[in-house]
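Engineer: Once you've had a glance at the structure underneath, I'll fire off some questions.
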Amino acid sequence: MAHVILGLLLIAPQSLYSLIKSFEAGVALFYSASSGSIKRALDTLLGKGLIEVASTEPGGRGKKVYRTTEAGRQEFHRWMTGELGGADLETAALPRLFFLGLLAPENRPPVLRKIQERAAADLAELTALHKHLDTMELSPEFRDVAAYQRLTLEYGITSGRHALAWFGELADRGGPQTG
């Protein structure tokens, strides 16, 4: 979540309330967060010197507006161009895709290629599992359960093939066609 917040603050300095609204307006399509978790992430980013308070409104509430520091910009760039961690492809890839326009054009294709490589690796794992299941003997009472589990796996394989092709085409084009 910290890197998503850094990306949002690179687009524009924002208050906690604005960040919550930014999550609701677009980020929630690939990443959900509560207001409490956003606040905790802001506190952590502040503590690490990756963001700073840009301004505080006068008055009783003293609403703070946050912005990234140079260290925050460097950390965001390192994350965007680094290896894709995360339990699944969507968690690893979609936040980077969402913020890819913040990178210089020459840095975008390598990120897309890393996503494509991750999609290929994930697909290879699912395909190997599918082949392994073909060799297993099932007792009659579990055949129906196994049939639906296999369908779930087939969905994952189909989704993986689509992601591999889609990110590959995007990388080949060098990004979206704008203009």
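The values are calculated or read from the model by the stated rules, or taken from the named source; none is laboratory data. Bear in mind the structure is a predicted one, so any value in this text is a computation, not a measurement. In this analysis, Cβ positions are derived from the backbone assuming ideal geometry, glycine residues included, and neighbour counts consider all displayed protein chains.
Engineer: Answer yes or no: is there a residue in segment 98-105 that is over 23 Å from R173 (Cβ atoms) and either surrounded by 15 or more Cβ atoms within 10 Å (Cβ to Cβ) or in contact with a Phe, Trp or Tyr (Cβ under 6 Å, 6 or more places away or on another chain) (or both).
Structural biologist: Of the residues in segment 98-105, the ones over 23 Å from R173 (Cβ atoms) are none.
No.
Engineer: Taking segment 1-50 on its own, how many of its residues are polar (S, T, N, Q), within 20 Å of A87 (Cβ to Cβ) and not in a helix (DSSP H, G or I)? Please lay out each step first, then the result.
Structural biologist: Step one: of segment 1-50, the residues polar (S, T, N, Q) are 14-15, 18, 22, 32, 34-35, 37, 44.
Filter again for within 20 Å of A87 (Cβ to Cβ), leaving 32, 34, 37.
Those still in the list that are not in a helix (DSSP H, G or I) too: 32, 34.
The total comes to 2.
Engineer: Can I ask one more? Looking at Q74 and the list (1) part of a helix (DSSP H, G or I); (2) more than 30 Å from A120 (Cβ to Cβ), which single condition is not satisfied?
Structural biologist: For Q74, the exception is condition (2).
Engineer: Contact list please: Cβ distance under 9 Å, first residue in segment 146-173 and over 22 Å from L94 (Cα atoms) and polar (S, T, N, Q), second residue part of a helix (DSSP H, G or I) and at pLDDT below 90, pairs at least six apart or on different chains.
Structural biologist: Q149/L133
Engineer: Sticking with this structure for a sec: Looking only at residues in segment 128-161 that are under 29 Å from the mean Cα position of the chain (by Cα) and of a type in the set (A, V, I, L, M), which one is modelled with the highest pLDDT? Please lay out each step first, then the result.
Structural biologist: Residues of segment 128-161 that are under 29 Å from the mean Cα position of the chain (by Cα), as a first pass: 128-130, 148-161.
Subset that is of a type in the set (A, V, I, L, M): 128-129, 151, 153, 157.
On the way: A128: 90, L129: 87, L151: 90, L153: 90, I157: 93.
Going through the qualifying residues, I end up with I157.
Engineer: Can you pull out the residues in segment 10-62 that are closer than 14 Å to P95 by Cβ and either surrounded by 13 or more Cβ atoms within 10 Å (Cβ to Cβ) or aliphatic (A, V, I, L, M) (or both)?
Structural biologist: The initial filter retains those residues of segment 10-62 that are closer than 14 Å to P95 by Cβ, namely 10-11, 22-23, 26-33, 41.
Listed by number, the residues that qualify are L10, I11, S22, F23, V27, A28, L29, F30, Y31, A33, A41.
Engineer: Could you check segment 43-59 and list, in sequence order, the residues that are hydrophobic (A, V, I, L, M, F, W, C) and modelled with pLDDT under 95?
Structural biologist: In the first step, residues of segment 43-59 are kept if they are hydrophobic (A, V, I, L, M, F, W, C); the result is 45-46, 50-51, 53-54.
V53, A54, listed by residue number.
Engineer: May I pose another question? Would a scan of segment 107-117 turn up a residue that is modelled with pLDDT under 95, over 24 Å from A33 (Cα atoms) and in contact with a Lys or Arg (Cβ under 7 Å, 6 or more places away or on another chain)?
Structural biologist: Filtering segment 107-117 for residues modelled with pLDDT under 95 gives 107-117.
Next cut, over 24 Å from A33 (Cα atoms) only: 107-114, 116-117.
Cutting the leftovers down to in contact with a Lys or Arg (Cβ under 7 Å, 6 or more places away or on another chain) gives us 111.
Yes, the conditions are met somewhere in segment 107-117.
Engineer: When you go through (1) part of a helix (DSSP H, G or I); (2) of a type in the set (A, V, I, L, M); (3) over 26 Å from N107 (Cβ atoms) one by one for V53, which number turns out not to apply?
Structural biologist: (1)
Engineer: Another question, if that's okay. Residues in segment 118-127: is at least one within 21 Å of I157 (Cβ to Cβ), touching a residue at least 24 places away in the same chain (Cβ under 8 Å) and over 20 Å from the mean Cα position of the chain (by Cα)? Spell out the reasoning first.
Structural biologist: Taking segment 118-127 and keeping what is within 21 Å of I157 (Cβ to Cβ), we get 118-127.
This time we only want the ones that are touching a residue at least 24 places away in the same chain (Cβ under 8 Å), so: 118-120, 122-123, 126-127.
Of the ones still in play, those that are also over 20 Å from the mean Cα position of the chain (by Cα) are 126-127.
Yes, segment 118-127 contains a residue that is within 21 Å of I157 (Cβ to Cβ), touching a residue at least 24 places away in the same chain (Cβ under 8 Å) and over 20 Å from the mean Cα position of the chain (by Cα).
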